[in-house]
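*Asks:* Structure in structure tokens, see below.
The values are calculated or read from the model by the stated rules, or taken from the named source; none is laboratory data. Computed from a predicted model, the values in this text were never measured in an experiment. Reconstructed Cβ throughout: ideal geometry from the backbone, glycine too, with neighbour counts over all protein chains shown. When the accessible area is computed, the model is the full protein with side chains, heavy atoms only, and any ligands, DNA or RNA have been set aside. Shrake-Rupley method; radii C 1.70, N 1.55, O 1.52, S 1.80 Å.
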Amino acid sequence: MPFVSIALDGPSGAGKSTLARRLAEELGYLYVDTGAIYRTVGLWVRRNGADPKSEPAVSALLSGLQVGLRVEADGVQHMYLNGEDVTGQIREPEISMYASAVSALPAVRAFLLEMQRELARTRNVVMDGRDIGTVVLPEATVKVFLTAAPEVRARRRWLELQARGNTDSYEQVLADVMRRDEQDMNRAIAPLRPAADAVRLDTSKLDLEESGKALLRIVKEKLI
Ligand code: DC
């Protein structure tokens, strides 16, 4: 591949998106949040009142869906559902479960695969997700698998939600995190797992600054 691609995979709440965004900024690469793409599909399925676990029901909806991704002047990746900016709406906690459910369906993964690959074909990218190093970009220049203990990830997500005015309890958030881990790791297609050649980084005991430094160190070592 003529361009550099950095694949950052791991469960929700490991700090992937913040770390990926910062890393991309530091290196001057495009940051692609692939979870947002699955969330957009999840939102579409919810709007249509369909069962997100039903492959026939979800497949039937895909032909009426156009997913757009654009990094705007503010540097934020905006998501478009049939032309409508849904960047804020896809962050609702309910959409997390829809995204997780639809992401287990082969038809959805096939629908989104080429779109993700295309993004890495023409520029340097930092791409975060669950299967970037294993499926989307198996030839990625650098692969990092970010993890943290479920309790640590739930606490981070809970603080994030609180800051946005959400009143879910920590216990609820932890239960959601564990349910999503279970769903993402045990699905038959593209399950969440580190690529054989991924470097693992556990951020349980690291704050954001320390995690960022550790990540940059791993990346620089591989790029030299
Ligand atoms: O990273 P996130 O929480 O925004 O992702 C939402 C869901 O999408 C998550 O439960 C798993 C799924 N996902 C996926 O299956 N593959 C990806 N590359 C990214 C996300």
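*Asks:* Exactly one condition in (1) within 20 Å of residue 18 (Cα to Cα); (2) in contact (Cβ under 8 Å) with a residue 60 or more places away in the chain; (3) away from the ligand (no atom under 13 Å from the Cβ); (4) over 16 Å from the mean Cα position of the chain (by Cα) is false for residue 121; which is it?
*Replies:* Residue 121 satisfies every listed condition except (1).
*Asks:* Next question, about the same structure. Could you look through region 1-20, keep only residues that are at pLDDT 95 or above and assigned to a helix (DSSP H, G or I), and pick out the one that is nearest to the ligand (Cβ to nearest atom)?
*Replies:* Result: 20.
*Asks:* Given (1) closer than 30 Å to residue 169 by Cβ; (2) open to solvent by 10 Å² or more (accessible area, probe 1.4 Å), where does residue 119 come up short, assuming only one miss?
*Replies:* Of (1) closer than 30 Å to residue 169 by Cβ; (2) open to solvent by 10 Å² or more (accessible area, probe 1.4 Å), only one is false for residue 119: (1).
*Asks:* If the requirement is being touching a helix residue (DSSP H, G or I) at 6+ places or on another chain (Cβ under 7 Å) and in a helix (DSSP H, G or I), which of these qualifies: 117, 109?
*Replies:* It is 117.
*Asks:* So which of 30, 23 is aliphatic (A, V, I, L, M), more than 15 Å from the ligand (Cβ to nearest atom) and open to solvent by 20 Å² or more (accessible area, probe 1.4 Å)?
*Replies:* Selected residue: 30, the only one of 30, 23 that is aliphatic (A, V, I, L, M), more than 15 Å from the ligand (Cβ to nearest atom) and open to solvent by 20 Å² or more (accessible area, probe 1.4 Å).
*Asks:* Out of 102, 144, I need the residue that is within 14 Å of the chain's Cα centre (by Cα) and more than 10 Å from the ligand (Cβ to nearest atom). Which one?
*Replies:* Only one candidate qualifies: 144.
*Asks:* For residue 186, all conditions in the list (1) touching a residue at least 40 places away in the same chain (Cβ under 8 Å); (2) under 30 Å from residue 107 (Cβ atoms); (3) not basic (Lys, Arg) hold save one; what is the number of the exception?
*Replies:* Result: residue 186 fails condition (1) only.
*Asks:* Something else: Based on what the data block shows, is residue 93 within 15 Å of the ligand (Cβ to nearest atom), over 18 Å from residue 164 (Cβ atoms) and open to solvent by less than 50 Å² (accessible area, probe 1.4 Å)?
*Replies:* Against the criterion (within 15 Å of the ligand (Cβ to nearest atom), over 18 Å from residue 164 (Cβ atoms) and open to solvent by less than 50 Å² (accessible area, probe 1.4 Å)), residue 93 does not qualify.
*Asks:* Turning to a different aspect of this structure: Considering each residue of region 33-48, count those that are open to solvent by 40 Å² or more (accessible area, probe 1.4 Å) and either within 11 Å of the ligand (Cβ to nearest atom) or assigned to a helix (DSSP H, G or I) (or both), and give that number.
*Replies:* 3
*Asks:* Could you tell me how many of the residues in region 49-89 are within 14 Å of the ligand (Cβ to nearest atom) and either part of a strand (DSSP E or B) or touching a strand residue (DSSP E or B) at 6+ places or on another chain (Cβ under 6 Å) (or both)?
*Replies:* Qualifying residue count, region 49-89: 6.
*Asks:* Considering only region 122-176, state which residues are under 17 Å from residue 30 (Cα atoms), modelled with pLDDT of 95 or more and of a type in the set (D, E, K, R).
*Replies:* If the condition is that a residue be under 17 Å from residue 30 (Cα atoms), modelled with pLDDT of 95 or more and of a type in the set (D, E, K, R), then 128, 143 are the ones that fit.
Per-residue answers, yes or no, for (1) open to solvent by 50 Å² or more (accessible area, probe 1.4 Å); (2) hydroxyl-bearing (Ser, Thr, Tyr); (3) in contact with a helix residue (DSSP H, G or I) (Cβ under 6 Å, 6 or more places away or on another chain); (4) within 14 Å of the ligand (Cβ to nearest atom):
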position: 159; (1), (2), (3), (4): yes, no, no, no
position: 171; (1), (2), (3), (4): yes, no, no, no
position: 180; (1), (2), (3), (4): no, no, yes, yes
position: 186; (1), (2), (3), (4): yes, no, no, yes
position: 190; (1), (2), (3), (4): no, no, yes, yes
position: 194; (1), (2), (3), (4): no, no, no, yes
position: 199; (1), (2), (3), (4): no, no, yes, no
position: 210; (1), (2), (3), (4): yes, no, no, no
position: 215; (1), (2), (3), (4): no, no, yes, no
